[in-house]
1. Please state which one of 287, 221, 217 is charged (D, E, K, R), surrounded by 19 or more Cβ atoms within 10 Å (Cβ to Cβ) and not assigned by TED's automatic domain parsing to the domain that holds residue 330.
2. Can you confirm whether residue 69 is under 30 Å from residue 362 (Cβ atoms) and either in a strand (DSSP E or B) or modelled with pLDDT under 70 (or both)?
3. Name every residue in the range 172-205 that is of a type outside the set (D, E, K, R) and under 16 Å from the mean Cα position of the chain (by Cα), in order of residue number.
4. Look at the range 470-492 and say how many of its residues are closer than 12 Å to residue 438 by Cα and more than 37 Å from the chain's Cα centre (by Cα).
5. Looking at (1) of a type in the set (A, V, I, L, M, F, W, C); (2) surrounded by 17 or more Cβ atoms within 10 Å (Cβ to Cβ); (3) part of a helix (DSSP H, G or I), can you tell me which one residue 414 breaks?
6. Taking residue 356 as the residue in question, decide whether it is crowded, with 16+ Cβ neighbours inside 10 Å, under 25 Å from the mean Cα position of the chain (by Cα) and in a loop (DSSP other than H, G, I, E, B).
7. Filter the range 193-241 for residues that are in contact with a His (Cβ under 7 Å, 6 or more places away or on another chain) and either without any contact (Cβ under 8 Å) to a residue 40 or more places away in the chain or on the phi > 0 side of the Ramachandran plot (or both) and give the result.
8. If you go through the range 434-492, how many residues are farther than 20 Å from residue 409 by Cβ and of a type in the set (Asp, Glu)?
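The values are calculated or read from the model by the stated rules, or taken from the named source; none is laboratory data. What you are looking at is a predicted structure, and each value in this text was computed from that prediction instead of being measured. So basically every Cβ, Gly included, is an ideal-geometry build from the backbone, and we count neighbours across all protein chains shown.
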Amino acid sequence: MPLSCIRINQTKTIPYKMTKTAASVWNNCLSFIKDNIKPQAYKTWFEPIKPIKLTGEALTIQVPSKFFYEWLEEHYIKLLRVALVRELGEDAKLIYDVRMENAYSSKNPHTVKIPSANRKPFNSQGITLPLDIDKRELKNPFVIPGIQKVKIESQLNPNYNFDSFIEGDSNRLARSASMAVANKPGGTSFNPLLIYGGVGLGKTHLAHAIGVDIKDKYPEKTVLYISAEKFTQQYIDSVKGNTRNDFVHFYQMIDVLIIDDVQFFSGKAGTQDVFFHIFNHLHQNGKQVVLTSDKAPVDMQDIEQRLLSRFKWGLSAELLQPDYETRISILERKLFRDGVEMPDEIIEYIAKNIKTNVRELEGVLISMIAQASFNRKEFTLALTKQIVDKFVKNTKREVSIDYIQKVVSKYFEIDVTMLQSKTRKRHIVQARQLAMYFAKRMTKASLASIGSQIGNRDHATVLHACKTVDNLTETDKQFRKYVEDITKKLSF
């Protein structure tokens with residue numbers, strides 16, 4: 001079944017002859033391709049392809065899987081273009097037929113109908129500027145603007161849409177709120193909409209999906225997706241270039257502003273100040289703001305209180321780890337999209353053993369499809385266990401300082417507030433020092449940031465705590481057991 005068409009443009013035109021067949025055209029293409037790539041690459045990626053039919057100037061070829069097709073598109077498309085133009089002329093087209101063969105399934109071969117994922121990128125969006133900005137050029141952080149019209153790209157990924165986001169109990173609130181915002185941007189009580197949760201749970205996916213849906217329904221609206229890190233860098237550049245006012249004016253003219261990983265603003269006073277003014281302007285003018293974060297507003301550190309209060313104005317929707325049923329649905333959807341069949345027992349095994357996030361689920365599937373494509377292996381439970389075991393072993397848990405404090409507090413049977421308090425009771429001091437020690441070991445946070453989040457201490461206190469833990473681990477058997485037990489709880 002066709003998945004993707006390639007229109008080939010070249011100045012040279014070769015007349016199409018009616019005597020040509022799919023086999024003859026493809027064989028001539030192969031002769032040319034074989035002379036231009038290494039033998040092993042030719043054997044792996046071109047020998048398995050079969051010509052299916054030739055309709056006018058469109059050649060249909062059969063490939064074993066969507067993974068195979070994507071590899072060709074990514075690595076050999078230029079070579080295919082040249083070969084086809086030589087045979088069929090400037091209007092040549094290539095159509096892929098994804099065929100499931102016995103190497104991948106116990107059932108009879110069949111063609112899977114899958115819509116192409118290659119959606120067109122969004123066109124540039126126009127912003128009409130007010131005429132009272134001294135009639136000078138407005139500095140656009142993304143592209144060089146015109147005098148009265150600024151063209152920007154939405155920075156959205158059209159593949160991250162609501163259709164490809166699997167709903168479950170763990171994400172229903174966030175997905176429903178996102179769809180409500182997309183249906184009526186700036187017109188709901190979900191403004192701002194803050195989506196928060198751990199890594200790989202779909203925050204960025206939902207953020208893009210909101211923008212994609214709004215651009216489909218309201219093409220005239222200016223939508224912009226940007227990471228908090230890039231926003232910060234643009235602000236720094238504007239300060240250096242003495243164009244801060246242009247920076248603010250630019251962002252105040254966005255209809256839907258989507259900022260990913262807003263926790264990156266932590267500790268950046270200048271960025272927080274400029275965003276505060278941009279946010280106020282957008283909110284007061286009925287524009288939509290969407291934010292994502294790895295934690296709830298109440299748990300954010302080093303963010304100004306006036307900004308946190310605005311984060312809480314709308315809705316904060318949490319994304320949790322997907323439950324078993326949702327993980328099954330995610331795996332089945334991806335397999336269908338890639339045109340791959342897999343036994344139910346294998347899908348269930350993956351879902352039972354990969355629980356952390358969606359990104360890891362998809363990572364295991366990609367590894368298995370690659371094994372099948374490269375090594376011509378069938379999908380077996382033994383192969384699945386081997387891949388899952390390696391994947392879990394090589395994947396480290398990304399822990400936060402908040403999570404470390406919770407684990408340590410639970411281990412010593414005290415409250416987190418007690419751990420962060422000023423008390424000097426010996427067992428609480430030790431718990432606090434251990435929390436600081438593991439925060440330094442297992443996060444990328446600075447000593448100052450660790451101290452700030454664990455009872456508002458300074459960096460010298462954290463450094464002293466780490467040295468104390470190292471010394472006690474070597475000299476105190478009981479304390480060494482504390483370290484070993486907590487290490488296990490913080491690891492897979």
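1. Result of the check over 287, 221, 217: 287.
2. Against the criterion (under 30 Å from residue 362 (Cβ atoms) and either in a strand (DSSP E or B) or modelled with pLDDT under 70 (or both)), residue 69 does not qualify.
3. Scanning the range 172-205 gives 195, 196, 197, 198, 199, 200, 201, 202, 204, 205.
4. 1
5. (3)
6. When the stated conditions are applied, residue 356 passes them.
7. Passing the criteria: none in range.
8. 4
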